[in-house]
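To keep things clear, I will list the structure first and then write my remarks on it.
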Amino acid sequence: MRGDSISESRNISANDQGSANKERRRVGFRRFKNRLAFGLFFLSTLFGIVVLAVLLIDVFRDGAAWITPHFFENFASRLPERAGIKAALWGSIWVIGLTTPITFILGVATSIYLEEYARKNWFSRLIQLNISNLAGVPSIVFGILGLTLFVREFGLGPSILAGAFTMSLLVLPIVIVASREAIVSVPQALRNASYAMGATRWQTIQKVVLPYAMPGILTGTILALSRAIGETAPLIMIGAATYVAFTPENVLDSFTVLPIQIYSWVGQPKEEFQFLAAAGIIVLLGVLLSMNAIAIYLRNKFQQKP
(Lines give C-alpha, C1' and ligand atoms only; values in the text may rest on other atoms or scores of the structure.)
Protein backbone atom coordinates (compact mmCIF):
# COMPACT_ATOMS: atom_id res chain seq x y z
CA MET A 1 0.00 0.00 0.00
CA ARG A 2 2.79 2.38 0.89
CA GLY A 3 4.52 1.65 -2.41
CA ASP A 4 1.30 2.38 -4.32
CA SER A 5 0.92 5.70 -2.45
CA ILE A 6 4.47 6.74 -3.30
CA SER A 7 3.95 5.80 -6.94
CA GLU A 8 0.68 7.73 -7.05
CA SER A 9 2.35 10.79 -5.47
CA ARG A 10 5.11 10.63 -8.06
CA ASN A 11 2.55 10.44 -10.86
CA ILE A 12 0.74 13.48 -9.45
CA SER A 13 4.00 15.38 -9.12
CA ALA A 14 4.91 14.44 -12.69
CA ASN A 15 1.51 15.61 -13.92
CA ASP A 16 1.86 18.88 -11.99
CA GLN A 17 5.32 19.36 -13.41
CA GLY A 18 3.96 18.70 -16.93
CA SER A 19 1.13 21.19 -16.44
CA ALA A 20 3.56 23.79 -15.11
CA ASN A 21 5.85 23.29 -18.11
CA LYS A 22 2.88 23.56 -20.46
CA GLU A 23 1.74 26.77 -18.75
CA ARG A 24 5.25 28.25 -18.96
CA ARG A 25 5.43 27.44 -22.68
CA ARG A 26 1.99 29.02 -23.23
CA VAL A 27 2.96 32.16 -21.33
CA GLY A 28 6.30 32.28 -23.16
CA PHE A 29 4.56 31.98 -26.53
CA ARG A 30 2.12 34.78 -25.60
CA ARG A 31 5.01 37.01 -24.57
CA PHE A 32 6.76 36.22 -27.86
CA LYS A 33 3.61 37.19 -29.82
CA ASN A 34 3.34 40.38 -27.77
CA ARG A 35 6.98 41.31 -28.50
CA LEU A 36 6.49 40.40 -32.19
CA ALA A 37 3.37 42.61 -32.44
CA PHE A 38 5.17 45.45 -30.66
CA GLY A 39 8.11 45.15 -33.07
CA LEU A 40 5.87 45.11 -36.16
CA PHE A 41 3.85 48.11 -35.02
CA PHE A 42 6.97 50.03 -34.02
CA LEU A 43 8.67 49.32 -37.36
CA SER A 44 5.52 50.34 -39.24
CA THR A 45 5.35 53.62 -37.36
CA LEU A 46 9.09 54.19 -37.76
CA PHE A 47 8.88 53.49 -41.51
CA GLY A 48 6.13 56.09 -41.96
CA ILE A 49 7.99 58.69 -39.86
CA VAL A 50 11.30 58.12 -41.71
CA VAL A 51 9.67 58.35 -45.16
CA LEU A 52 7.80 61.52 -44.12
CA ALA A 53 10.98 63.04 -42.68
CA VAL A 54 12.96 62.29 -45.85
CA LEU A 55 10.22 63.85 -48.00
CA LEU A 56 10.01 66.96 -45.82
CA ILE A 57 13.80 67.38 -45.73
CA ASP A 58 13.98 67.06 -49.52
CA VAL A 59 11.12 69.54 -50.02
CA PHE A 60 12.53 72.10 -47.59
CA ARG A 61 16.04 71.76 -49.04
CA ASP A 62 14.76 72.52 -52.56
CA GLY A 63 12.08 75.08 -51.80
CA ALA A 64 13.05 77.03 -48.69
CA ALA A 65 15.29 79.44 -50.60
CA TRP A 66 12.40 80.34 -52.94
CA ILE A 67 10.07 81.42 -50.11
CA THR A 68 10.47 85.17 -50.48
CA PRO A 69 8.03 88.12 -50.30
CA HIS A 70 8.02 88.21 -54.13
CA PHE A 71 6.86 84.59 -54.17
CA PHE A 72 3.64 85.64 -52.42
CA GLU A 73 3.21 88.87 -54.39
CA ASN A 74 3.64 87.55 -57.96
CA PHE A 75 1.32 85.57 -60.17
CA ALA A 76 2.33 82.52 -62.22
CA SER A 77 4.78 83.22 -65.02
CA ARG A 78 6.71 81.36 -67.70
CA LEU A 79 9.86 82.84 -66.18
CA PRO A 80 10.76 81.07 -62.92
CA GLU A 81 12.35 84.12 -61.35
CA ARG A 82 9.09 86.09 -61.83
CA ALA A 83 6.69 83.28 -60.90
CA GLY A 84 4.68 83.48 -57.68
CA ILE A 85 1.83 81.81 -55.88
CA LYS A 86 -0.48 84.73 -55.16
CA ALA A 87 -3.45 83.62 -57.30
CA ALA A 88 -3.26 79.97 -56.14
CA LEU A 89 -2.97 80.91 -52.47
CA TRP A 90 -5.99 83.23 -52.61
CA GLY A 91 -7.91 80.65 -54.65
CA SER A 92 -7.28 77.96 -52.01
CA ILE A 93 -8.35 80.34 -49.24
CA TRP A 94 -11.57 81.19 -51.10
CA VAL A 95 -12.41 77.54 -51.87
CA ILE A 96 -11.67 76.19 -48.39
CA GLY A 97 -13.36 79.23 -46.81
CA LEU A 98 -16.61 78.32 -48.59
CA THR A 99 -16.19 74.55 -48.30
CA THR A 100 -15.81 74.65 -44.51
CA PRO A 101 -19.22 76.15 -43.55
CA ILE A 102 -21.10 74.26 -46.29
CA THR A 103 -19.61 70.92 -45.23
CA PHE A 104 -19.91 71.54 -41.50
CA ILE A 105 -23.54 72.68 -41.57
CA LEU A 106 -24.75 69.96 -43.96
CA GLY A 107 -22.69 67.23 -42.31
CA VAL A 108 -23.72 67.96 -38.73
CA ALA A 109 -27.38 68.53 -39.70
CA THR A 110 -27.48 65.20 -41.55
CA SER A 111 -25.90 63.41 -38.60
CA ILE A 112 -28.39 64.92 -36.15
CA TYR A 113 -31.29 63.83 -38.34
CA LEU A 114 -30.00 60.27 -38.77
CA GLU A 115 -29.20 59.75 -35.08
CA GLU A 116 -31.84 61.82 -33.29
CA TYR A 117 -34.89 62.07 -35.55
CA ALA A 118 -34.89 59.33 -38.23
CA ARG A 119 -36.65 56.08 -37.46
CA LYS A 120 -34.36 53.08 -37.12
CA ASN A 121 -35.61 51.03 -40.04
CA TRP A 122 -34.19 49.51 -43.23
CA PHE A 123 -34.42 52.81 -45.11
CA SER A 124 -32.29 54.75 -42.60
CA ARG A 125 -29.79 51.88 -42.49
CA LEU A 126 -29.64 51.95 -46.31
CA ILE A 127 -28.90 55.69 -46.24
CA GLN A 128 -26.18 55.21 -43.63
CA LEU A 129 -24.62 52.37 -45.63
CA ASN A 130 -24.52 54.45 -48.80
CA ILE A 131 -23.02 57.44 -46.99
CA SER A 132 -20.26 55.19 -45.63
CA ASN A 133 -19.61 53.80 -49.12
CA LEU A 134 -19.42 57.30 -50.60
CA ALA A 135 -16.42 58.03 -48.36
CA GLY A 136 -14.42 55.53 -50.44
CA VAL A 137 -15.46 56.73 -53.90
CA PRO A 138 -12.53 58.11 -55.99
CA SER A 139 -12.37 61.90 -56.03
CA ILE A 140 -12.52 62.09 -59.83
CA VAL A 141 -16.09 60.74 -59.65
CA PHE A 142 -17.10 63.74 -57.52
CA GLY A 143 -15.39 65.95 -60.09
CA ILE A 144 -17.58 64.50 -62.85
CA LEU A 145 -20.65 65.00 -60.64
CA GLY A 146 -19.65 68.60 -59.91
CA LEU A 147 -19.08 69.29 -63.61
CA THR A 148 -22.50 67.93 -64.54
CA LEU A 149 -24.50 69.37 -61.66
CA PHE A 150 -22.95 72.67 -60.59
CA VAL A 151 -21.01 73.80 -63.67
CA ARG A 152 -23.53 72.84 -66.36
CA GLU A 153 -26.98 72.32 -64.79
CA PHE A 154 -26.81 75.19 -62.27
CA GLY A 155 -24.83 77.38 -64.68
CA LEU A 156 -22.16 78.29 -62.14
CA GLY A 157 -19.34 77.68 -64.61
CA PRO A 158 -15.77 76.94 -63.46
CA SER A 159 -16.19 79.29 -60.51
CA ILE A 160 -15.12 79.26 -56.88
CA LEU A 161 -18.69 78.44 -55.82
CA ALA A 162 -18.83 75.37 -58.09
CA GLY A 163 -15.45 74.27 -56.72
CA ALA A 164 -16.59 74.70 -53.12
CA PHE A 165 -19.78 72.70 -53.71
CA THR A 166 -17.80 69.94 -55.42
CA MET A 167 -15.27 69.75 -52.57
CA SER A 168 -18.13 69.73 -50.06
CA LEU A 169 -19.64 66.70 -51.81
CA LEU A 170 -16.24 65.02 -51.70
CA VAL A 171 -15.66 65.38 -47.94
CA LEU A 172 -19.27 65.42 -46.73
CA PRO A 173 -19.42 61.62 -46.12
CA ILE A 174 -16.34 61.84 -43.86
CA VAL A 175 -17.91 64.59 -41.75
CA ILE A 176 -21.25 62.75 -41.55
CA VAL A 177 -19.68 59.45 -40.47
CA ALA A 178 -17.44 61.14 -37.87
CA SER A 179 -20.30 63.29 -36.55
CA ARG A 180 -22.63 60.30 -36.24
CA GLU A 181 -20.04 58.38 -34.23
CA ALA A 182 -19.54 61.40 -31.97
CA ILE A 183 -23.30 61.82 -31.42
CA VAL A 184 -23.78 58.09 -30.75
CA SER A 185 -21.07 58.24 -28.07
CA VAL A 186 -23.13 60.71 -25.98
CA PRO A 187 -24.45 58.72 -22.97
CA GLN A 188 -28.20 58.15 -23.09
CA ALA A 189 -28.35 59.06 -19.39
CA LEU A 190 -27.50 62.67 -20.27
CA ARG A 191 -30.42 62.81 -22.71
CA ASN A 192 -32.78 61.26 -20.17
CA ALA A 193 -31.68 63.75 -17.52
CA SER A 194 -32.37 66.61 -19.91
CA TYR A 195 -35.83 65.24 -20.76
CA ALA A 196 -36.54 64.77 -17.05
CA MET A 197 -35.85 68.50 -16.57
CA GLY A 198 -38.58 69.27 -19.11
CA ALA A 199 -36.34 70.06 -22.08
CA THR A 200 -37.58 69.40 -25.59
CA ARG A 201 -35.71 67.19 -28.05
CA TRP A 202 -34.15 70.16 -29.83
CA GLN A 203 -33.14 71.79 -26.53
CA THR A 204 -31.53 68.51 -25.50
CA ILE A 205 -29.63 68.32 -28.80
CA GLN A 206 -28.59 71.96 -28.60
CA LYS A 207 -27.57 72.09 -24.94
CA VAL A 208 -26.45 68.52 -24.20
CA VAL A 209 -25.73 66.39 -27.27
CA LEU A 210 -23.85 68.85 -29.48
CA PRO A 211 -21.53 70.28 -26.79
CA TYR A 212 -20.63 66.75 -25.68
CA ALA A 213 -20.07 65.51 -29.25
CA MET A 214 -18.38 68.65 -30.60
CA PRO A 215 -14.73 67.51 -30.04
CA GLY A 216 -15.38 64.37 -32.12
CA ILE A 217 -17.23 66.35 -34.77
CA LEU A 218 -14.36 68.84 -35.06
CA THR A 219 -11.84 66.02 -35.33
CA GLY A 220 -13.74 64.58 -38.29
CA THR A 221 -13.99 68.04 -39.83
CA ILE A 222 -10.22 68.51 -39.50
CA LEU A 223 -9.57 65.26 -41.36
CA ALA A 224 -12.12 66.11 -44.06
CA LEU A 225 -10.81 69.61 -44.73
CA SER A 226 -7.23 68.34 -44.74
CA ARG A 227 -8.21 66.09 -47.60
CA ALA A 228 -10.14 68.85 -49.38
CA ILE A 229 -7.29 71.36 -49.46
CA GLY A 230 -4.94 68.83 -51.05
CA GLU A 231 -7.28 67.57 -53.78
CA THR A 232 -6.55 68.35 -57.42
CA ALA A 233 -8.54 66.00 -59.68
CA PRO A 234 -12.11 67.22 -58.89
CA LEU A 235 -11.14 70.87 -59.42
CA ILE A 236 -9.36 70.14 -62.71
CA MET A 237 -12.49 68.22 -63.75
CA ILE A 238 -14.78 71.22 -63.18
CA GLY A 239 -12.44 73.47 -65.17
CA ALA A 240 -10.28 75.23 -62.59
CA ALA A 241 -7.56 77.12 -64.45
CA THR A 242 -3.85 76.30 -64.28
CA TYR A 243 -2.88 79.90 -65.06
CA VAL A 244 -4.64 82.81 -63.37
CA ALA A 245 -3.14 86.31 -63.28
CA PHE A 246 -5.60 87.88 -60.84
CA THR A 247 -6.98 87.29 -57.37
CA PRO A 248 -10.68 86.33 -57.08
CA GLU A 249 -13.05 89.06 -55.95
CA ASN A 250 -16.31 87.11 -55.63
CA VAL A 251 -17.56 83.53 -55.55
CA LEU A 252 -18.32 83.43 -59.30
CA ASP A 253 -14.77 84.29 -60.41
CA SER A 254 -12.43 81.82 -62.07
CA PHE A 255 -9.74 80.45 -59.82
CA THR A 256 -6.82 78.14 -59.32
CA VAL A 257 -5.60 76.46 -56.13
CA LEU A 258 -2.28 75.49 -54.63
CA PRO A 259 -2.30 71.79 -55.65
CA ILE A 260 -3.07 72.68 -59.29
CA GLN A 261 -0.31 75.31 -59.35
CA ILE A 262 2.17 72.83 -57.86
CA TYR A 263 1.11 70.18 -60.36
CA SER A 264 1.61 72.66 -63.21
CA TRP A 265 5.11 73.60 -62.04
CA VAL A 266 6.16 69.97 -61.59
CA GLY A 267 5.37 69.33 -65.27
CA GLN A 268 7.60 72.20 -66.50
CA PRO A 269 10.96 71.22 -68.07
CA LYS A 270 13.08 73.91 -66.38
CA GLU A 271 14.69 72.79 -63.13
CA GLU A 272 13.81 76.07 -61.39
CA PHE A 273 10.12 75.18 -61.61
CA GLN A 274 10.82 72.06 -59.52
CA PHE A 275 12.14 74.37 -56.80
CA LEU A 276 9.03 76.55 -57.16
CA ALA A 277 6.89 73.43 -56.76
CA ALA A 278 8.78 72.56 -53.55
CA ALA A 279 8.19 76.11 -52.27
CA GLY A 280 4.48 75.73 -53.13
CA ILE A 281 4.34 72.49 -51.13
CA ILE A 282 5.82 74.29 -48.12
CA VAL A 283 3.14 77.00 -48.40
CA LEU A 284 0.43 74.34 -48.73
CA LEU A 285 1.73 72.58 -45.60
CA GLY A 286 1.71 75.91 -43.78
CA VAL A 287 -1.94 76.57 -44.71
CA LEU A 288 -2.89 73.01 -43.71
CA LEU A 289 -1.13 73.22 -40.35
CA SER A 290 -2.74 76.61 -39.66
CA MET A 291 -6.20 75.18 -40.35
CA ASN A 292 -5.52 72.19 -38.12
CA ALA A 293 -4.19 74.43 -35.34
CA ILE A 294 -7.39 76.50 -35.35
CA ALA A 295 -9.56 73.37 -35.35
CA ILE A 296 -7.53 71.76 -32.55
CA TYR A 297 -7.82 74.96 -30.49
CA LEU A 298 -11.61 74.93 -30.92
CA ARG A 299 -11.76 71.20 -30.10
CA ASN A 300 -9.74 71.64 -26.90
CA LYS A 301 -11.90 74.61 -25.95
CA PHE A 302 -15.05 72.46 -26.17
CA GLN A 303 -13.35 69.61 -24.29
CA GLN A 304 -12.51 71.90 -21.37
CA LYS A 305 -16.12 73.01 -20.98
CA PRO A 306 -17.73 71.44 -17.90
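Yes or no: the range 219-229 includes at least one residue that is within 24 Å of Leu172 (Cβ to Cβ) and at pLDDT 90 or above.
no
So how many residues does the range 110-127 have that are surrounded by fewer than 18 Cβ atoms within 10 Å (Cβ to Cβ) and of a type in the set (Asp, Glu)?
Residues flagged as surrounded by fewer than 18 Cβ atoms within 10 Å (Cβ to Cβ) and of a type in the set (Asp, Glu) within the range 110-127 amount to 1.
Got at least one residue in the range 100-109 being over 21 Å from the mean Cα position of the chain (by Cα) and open to solvent by 70 Å² or more (accessible area, probe 1.4 Å)?
Among the residues of the range 100-109, not one is over 21 Å from the mean Cα position of the chain (by Cα) and open to solvent by 70 Å² or more (accessible area, probe 1.4 Å), which makes the answer no.
Considering only residues of the range 128-139 that are loosely packed, with under 15 Cβ neighbours inside 10 Å and of a type outside the set (Gly, Ala, Ser), which is nearest to Arg180 (Cα to Cα)?
Among residues in the range 128-139 that are loosely packed, with under 15 Cβ neighbours inside 10 Å and of a type outside the set (Gly, Ala, Ser), the one nearest to Arg180 (Cα to Cα) is Leu129.
Answer yes if at least one residue in the range 247-258 is polar (S, T, N, Q), surrounded by 21 or more Cβ atoms within 10 Å (Cβ to Cβ) and under 21 Å from Ile85 (Cβ atoms), and no otherwise.
For the range 247-258, residues polar (S, T, N, Q), surrounded by 21 or more Cβ atoms within 10 Å (Cβ to Cβ) and under 21 Å from Ile85 (Cβ atoms): present.
Starting from residues that are polar (S, T, N, Q) and free of Cβ contacts under 8 Å to residues at least 40 places away in the same chain, keep the ones in the range 85-126 and report whichever is farthest from Ser168 (Cα to Cα).
Here the answer is Asn121.
What are the residues in the range 198-227 that are part of a helix (DSSP H, G or I), farther than 30 Å from Leu284 by Cα and among the hydroxyl-bearing types (Ser, Thr, Tyr), if any?
Those that are part of a helix (DSSP H, G or I), farther than 30 Å from Leu284 by Cα and among the hydroxyl-bearing types (Ser, Thr, Tyr): Thr204, Tyr212.
May I ask you to say which residue of Leu36, Leu79, Leu40, Leu126 is modelled with pLDDT under 90 and over 28 Å from Thr221 (Cα atoms)?
Among Leu36, Leu79, Leu40, Leu126, only Leu79 is modelled with pLDDT under 90 and over 28 Å from Thr221 (Cα atoms).
In the range 266-278, what count of residues is obtained for those that are over 16 Å from Glu231 (Cα atoms) and either among the charged types (D, E, K, R) or open to solvent by less than 50 Å² (accessible area, probe 1.4 Å) (or both)?
Here the count works out to 6.
All but one of (1) modelled with pLDDT under 85; (2) farther than 25 Å from Lys86 by Cβ; (3) open to solvent by less than 30 Å² (accessible area, probe 1.4 Å) hold for Leu298; state the number of the condition that does not hold.
(3)
Determine which single condition Phe154 fails, assuming it passes every other condition in (1) open to solvent by 50 Å² or more (accessible area, probe 1.4 Å); (2) in contact (Cβ under 8 Å) with a residue 12 or more places away in the chain.
Evaluating Phe154 over (1) open to solvent by 50 Å² or more (accessible area, probe 1.4 Å); (2) in contact (Cβ under 8 Å) with a residue 12 or more places away in the chain leaves (2) as the failure.
May I ask you to say which residue of Ala88, Ala76, Ala65 is assigned to a helix (DSSP H, G or I), among the small types (Gly, Ala, Ser), surrounded by 12 or more Cβ atoms within 10 Å (Cβ to Cβ) and over 20 Å from the mean Cα position of the chain (by Cα)?
Ala88
The values are calculated or read from the model by the stated rules, or taken from the named source; none is laboratory data. Just so it is clear, the structure is predicted and the values come from calculations on it, not from any experiment. With ideal geometry, Cβ positions are generated from the backbone for all residues, glycine too; neighbour counts draw on all protein chains shown. Accessible surface areas use protein heavy atoms only, side chains included; no ligands, DNA or RNA. Shrake-Rupley method; radii C 1.70, N 1.55, O 1.52, S 1.80 Å.
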